[in-house]
Structures are given as structure tokens and as C-alpha cells.
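Structure first, then comments.
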Amino acid sequence: MKITILTLFPEMFESLNASILKRAQEKNLIEINIVNIRDYSLDNNKRCDDYSYGGGAGMIMTPQPLFDAISSVKTDKSYTIYLSPRGKVLTQEKVVELAKTQKELILICGHYEGIDERIIDLCVDEEISIGDYVLTGGEIPAMVLIDSISRYIPNVLGNNITTEEESFSNGLLEYPQYTRPQVFRGLKVPEVLTSGNHKEINNWRLEKALEITKLRRPDLYKDYCKKRQNRYLFLR
Ligand code: 4G0
């Protein structure tokens, strides 16, 4: 997958060249392109922001630099996403869909109070939010999107995550997990996990997942019970 990021702060993306995404880029599984929107400003002082028509606090990103930056990278295959607090909230389902259906993404990172609406009308395919909170820019949301999508691009992760086993894929939160040592600071690993009885282990994990989901995410628990009619609760 090719991902082009449009931003006023290209330095913020240097961390993408570290860790797991570095390997993915070296293996040509992901190609990440950073474009500085300011390079496209035709303003004498390279300004990319201006006051909001109608008044109000805060600046708006002007359309010209954005439009020319997008035009310079857009192809017939590209899908343009604007990261903004008013977008549809990102879900794991959406992450998987984008990973499976898109070959080229263009990510627009807004700053100040956002971008001129006409860029959304003319260039944006979809507006996405990473959650109900406001940040100083769309750069961190863009990195969240890239990181989440990259996990679903074949061969990016070292280990083969059987995605079925992951949090959210069964609609439940993860059960508790343990590694060595068997006793740490007086706390023991639950005995069932060292029993070798895999049926018992699976039942314990499901019970724990249900317990923690009911407590922390009643919304997810309700959906799960609706779908399964609570059959699994009593399965042993
Ligand atoms: C557009 C995305 C972009 C409008 C971007 C701010 C949070 C998210 C930005 C604004 C962002 C998110 C109206 C302040 C840049 N913050 N939740 N900041 N306004 O995905």
C-alpha cells in the first residue's frame, strides 16, 4: 500500500521510520510519502492559513496550497481521507476494510480550526475521526490510522496474528495473559493455564473476557449477548 501524508509538520512523521513500519517500508510492503503543504503555497510569505469568513476564533487552512498539494499526488487509484474531529469514528472493522480495499491512501492533516470546506467538497472521499477529542493537528490521527492499517497488510507483522484471536474481532475485550515466571511478587499464574487442558483454558479465557467486557464496555457486552443469545456464558 502507498500512503501519502499531506501536512504542515513533516518532521512529526520521522518516527514512522523506526520500529515495525521501518521494516515494512524496507520490504516494500508499505510506501510512505510525506508532502509539506507549505511547499505548494503561492502566497508571498508561504502562508497556509487565514481568518474564518463570518468571524470567530482561530485560523482556517486556505484551499490553494491544499488543492495543489493534493493534485500533485492524486491518481485514479487514490482514496483521500481527511482526519478531523467531526469524521465518522474509526473502528477495527473500518481499519480492516481500508487495508483490504485500498492501494493508495492520501491523508490530509489539518491544523488550527480545520480546512476550507471546499477542499472537502472537491477532494475528500471520507472524513475520519480517531475518537471524540480534539488534538492540535491531524498528524497523530494519521499515524494512528497508518499503524492500525499496517497490521493488516500481509507480512508486515513478524508473527502471524490469527486476527480471529484478537481483541474486538470476536466483539469482546481480551482475557488476562501471563508469561514466566509462574510466581511474581507473590502473585501466581491461574492454575488452569498450566493444566494443559485446552478445553478448560478456552472456557476460562471466554469467561474472563465476558467478565471484563461486561464491566468496562457494557455496550460491547450487550451486542455480544444479542448475537450469541448468551449461549457461550453457560458452555463448559
Ligand atoms: C479539523 C482529528 C482538524 C478541525 C484532528 C481540528 C482530533 C482529530 C483539526 C479541527 C484534530 C480526531 C475544529 C479544532 C485538527 N483533532 N479526533 N485536530 N477543529 O481524529
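Below is a table of values for the structure above.
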read-out	value
Residue check, Val73 more than 16 Å from the ligand (Cβ to nearest atom), at negative phi and out of contact with any Phe, Trp or Tyr (no Cβ under 8 Å at 6 or more places or on another chain)	yes
Some residue of region 88-109 being within 9 Å of the ligand (Cβ to nearest atom) and within 27 Å of Asn170 (Cβ to Cβ)	yes
Subset of region 55-85 [of a type in the set (A, V, I, L, M, F, W, C) and surrounded by fewer than 19 Cβ atoms within 10 Å (Cβ to Cβ)]	Ala57, Met59, Phe67, Val73
Leading residue by the ranking (surrounded by the fewest Cβ atoms within 10 Å (Cβ to Cβ)) among those in region 36-54 that are part of a helix (DSSP H, G or I) and more than 15 Å from the ligand (Cβ to nearest atom)	Asp39
Matching entry among Leu105, Leu16 (being at pLDDT below 95 and hydrophobic (A, V, I, L, M, F, W, C))	Leu16
From the options Ser84, Ser72, residue that is in a helix (DSSP H, G or I), hydroxyl-bearing (Ser, Thr, Tyr) and modelled with pLDDT of 95 or more	Ser72
Unmet criterion (only one of (1) within 11 Å of the ligand (Cβ to nearest atom); (2) under 23 Å from Met12 (Cα atoms); (3) modelled with pLDDT of 95 or more) for Ile120	(2)
Of the criteria (1) within 10 Å of the ligand (Cβ to nearest atom); (2) surrounded by 20 or more Cβ atoms within 10 Å (Cβ to Cβ), which one Leu135 fails	(2)
Condition met for Ser52 (under 18 Å from the mean Cα position of the chain (by Cα) and among the polar types (S, T, N, Q))	no
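The values are calculated or read from the model by the stated rules, or taken from the named source; none is laboratory data. Computed from a predicted model, the values in this text were never measured in an experiment. Positions of Cβ are generated from backbone atoms using ideal geometry, with glycine treated the same way; all protein chains shown enter the neighbour counts.
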